[in-house]
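Asks: Next up is a structure, given as structure tokens.
The values are calculated or read from the model by the stated rules, or taken from the named source; none is laboratory data. Predicted model, so just to flag it, every value in this text is computed and none were measured. Here the Cβ positions follow ideal geometry from the backbone for every residue, glycine too, while neighbour counts run over all protein chains shown. These area figures cover heavy atoms from the full protein model, side chains too; ligands, DNA and RNA do not enter into them. Shrake-Rupley method; radii C 1.70, N 1.55, O 1.52, S 1.80 Å.
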Amino acid sequence: MTEFRATAAMGKRVRGHAVVAKDGFSARYDLDRVSGVFSRPEHKLAGRSYVGCILVLDAAKGGVATAWMLHEMQARGIVPAALVLNTVNPIMVQGAALADFTMMSGFAVDITQAVPDGALVEVDPASDPPCLRILSTAA
């Protein structure tokens with residue numbers, strides 16, 4: 001098992017398959033929040049579902065709209081299990097807190113390069129320090 005320690009995290013411990021890309025995250029511009037897929041054609045995950053997975057992306061994008069959209073997505077159950085980012089902004093943190101959403105950031109490595117797409121991972125915000133564990137890689 002490989003483990004990556006983070007400097008910041010919130011939410012519940014969750015497990016799921018990683019959906020990974022060296023791209024940003026904006027709930028407002030990147031997602032179709034009704035069908036649960038990445039909809040911006042230029043996004044590296046265009047057409048892929050984000051529902052129930054652990055999104056591993058580079059950076060938070062957007063402002064207040066992205067934050068309240070996380071809450072709306074959580075209320076409808078069309079949401080990733082967790083969001084793991086290299087860097088995050090304060091607005092995204094507020095949105096994750098409002099949505100009671102699991103989020104983690106601040107790694108010593110580029111997490112988008114360290115976690116294989118499709119790997120089974122566990123995000124554990126309550127461990128000391130918070131960490132992401134790769135439980136198994138895709139077949």
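Asks: With a 1.4 Å probe and every protein chain left in place, tell me how much accessible area Glu3 has, in Å² to the nearest 10.
Replies: The accessible area of Glu3 comes to roughly 90 Å².
Asks: Give the Rg/Rh ratio for region 1-127, taking Rg as the radius of gyration of the Cα atoms and Rh as the Kirkwood radius, to two decimals.
Replies: Rg divided by Rh gives 0.92.
Asks: Could you compute the net charge surrounding Ala75? Neighbours are other residues with a C-beta less than 12 Å from the C-beta of Ala75; K and R count +1, D and E count -1.
Replies: Neighbour charge sum, excluding Ala75 itself: 0.
Asks: Relative to the present Cα-Cα distance, how much length would full extension add between Thr87 and Ala75 at 0.36 nm per residue of separation?
Replies: Contour length minus Cα-Cα distance gives 1.8 nm.
Asks: While we're on this one: With N residues in region 14-77, what two-decimal value do you get for its Cα radius of gyration over 2.2 N^0.38 Å?
Replies: Normalised Cα radius of gyration, region 14-77: 1.03.
Asks: Continuing with the same structure: Relative contact order, percent, of the chain when contacts are C-alpha pairs under 8 Å separated by at least 6 residues? Mind dumping the intermediate values first?
Replies: On the way: 353 pairs, mean separation 50.2, N = 139.
With pairs under 8 Å counted, the relative contact order is 36 percent.
Asks: Something else: For the chain, with all protein chains present and a 1.4 Å probe, just round the carbon and sulfur fraction of the accessible area to a whole percent.
Replies: 55
Asks: State, to one decimal in nm, how far the label point of Ala126 lies from the label point of Ser39, with both points 7 Å from Cα in the Cβ direction.
Replies: Going from the Ala126 label point to the Ser39 one covers 3.6 nm.
Asks: Considering only Ala99, Ala114, Ala21, give the residue with the highest GNM mean-square fluctuation for the chain, with springs between Cα atoms whenever their separation is below 10 Å.
Replies: Its mean-square fluctuation being the largest, the pick is Ala114.
Asks: Let me ask something additional. Return the FRET efficiency for the residue pair Gln113, Glu3: r is the Cβ-Cβ distance, R0 is 22 Å, and the value is rounded to the nearest 0.05.
Replies: Working: r = 16 Å, r/R0 = 0.72.
For R0 = 22 Å, the calculated efficiency reads 0.90.
Asks: Here is a further query. Only Cα pairs within less than 10 Å get springs; with that Gaussian network setup on the chain, which residue of Leu98, Leu83, Leu70 has the largest fluctuation?
Replies: Leu98
Asks: Right, another one. Can you give me the accessible area per residue for region 60-130, using a 1.4 Å probe, in Å²? Walk me through the numbers on the way to the answer.
Replies: On the way: 2820 Å² over 71 residues.
I get 40 Å² per residue for region 60-130.
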